[in-house]
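These notes are about the structure you will find just below.
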Amino acid sequence: MTIIAANFKTNHTRKSTKEYLETVSTFIEDNKFENEIYIFPTATSLDEYKTVPNINVGAQNAYPTQKGSFTGEIGTEQLDEFDVKTILIGHSERRHVLGETQKSIASKYEYYSNLGYKIIYCIGEPLEVKEAGLDQTLTYVWEQFEGIDVNYDNLILAYEPVWAIGTGVTATTSDISNVHNAIKEKIDKPLLYGGSVKVNNIKEILNVPNVDGALIGTASWNAVDFCEIIKISNNL
Ligand code: 13P
């Protein structure tokens, strides 16, 4: 079953997240779609949402703590309030914009995997590495698995090349299959693709062997587009 995930990043309010979830939930219910859907709103938009069971609301980020003195962060005490048991770890914006190191990502991963959270773990190379070739790309990607227990049961992987995120430049199907095939050879976990996935390219991307779903930013922020993507993924 295809996995479709929406990463809201720094978009939507609590009010618009509620409306969005109602729209998507009703759409799934009316059409009896069964795929696994993950939605990652902002931390301020986490709430007790009523959705169809196949929608899972997760956190874009949290600190590896229950509570404490970590200004600007949230921990499991805040996630538990809304029964959030899913987290995105290793996203390229957290690595490259917010400066998370592989060491801090690995300790976050260890903390949340010990608690049994569903983890969507992101990897992906920047443009200069892609331009250096496939060997360099794979070396870079393997380094992003340092300290990560890839045998963890509740793990979904997402390959998101940095140069394709929010740029409108989608990786070609051969770019995607080169990396997906290499990862799948070593790690037997669901593997999503992310990076400028849109209504008009989702079908082609999901048809690439070893692509188990998509992690979508920009195109997911519009509920109508996201519903269309869910529909296309169900009709494959
Ligand atoms: P875009 O779909 O906007 O390229 O973002 C992808 C992404 O970063 C999802 O996590």
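The values are calculated or read from the model by the stated rules, or taken from the named source; none is laboratory data. Source: prediction; values computed, not measured. Note that we place each Cβ from the backbone using ideal geometry, even for glycine, and neighbour counts take in every protein chain shown. The area values use the complete protein model at the heavy-atom level, side chains included, leaving out ligands, DNA and RNA. Shrake-Rupley method; radii C 1.70, N 1.55, O 1.52, S 1.80 Å.
Some notes on this structure:
- Portion, in percent, of the accessible area of the stretch 161-236 that falls on carbon or sulfur, probe 1.4 Å: 46
- Kirkwood's formula applied to the C-alpha pairs of the stretch 1-149 gives a hydrodynamic radius of 16.7 angstrom.
- Bridgeable lysines around K231 (alpha carbons under 30 Å apart, same-chain partners fewer than 8 residues away excluded): K9, K15, K18, K32, K50, K85, K118, K184, K189, K198, K203.
- For the stretch 45-119, the share of accessible area belonging to carbon and sulfur comes to 47 percent (1.4 Å probe, ligands and nucleic acids excluded).
- Two-decimal ratio, the stretch 143-236, of alpha-carbon radius of gyration to 2.2 N^0.38 Å: 1.08
- What the stretch 34-181 shows is 47 Å² of accessible area per residue, with the surface traced by a 1.4 Å probe over protein heavy atoms.
- Ellipticity estimate at 222 nm from DSSP helix runs (n ≥ 4, -39,500 (n - 2.57)) divided over the chain, nearest 500: -10500 deg cm²/dmol
- For the stretch 8-95, the spread of Cα positions along each principal axis, largest first, Å: 45, 27, 21
- Computed on the stretch 85-193, the Cα convex hull volume stands at 98 Å³ per residue.
- For the listed peptides 212-218, 38-44, 223-229, a ranking on the average number of other beta carbons within 10 Å per residue, highest first, reads 212-218, 38-44, 223-229.
- Using C-alpha pairs below 8 Å separated by at least 6 residues, the relative contact order for the stretch 75-220 is 20 percent.
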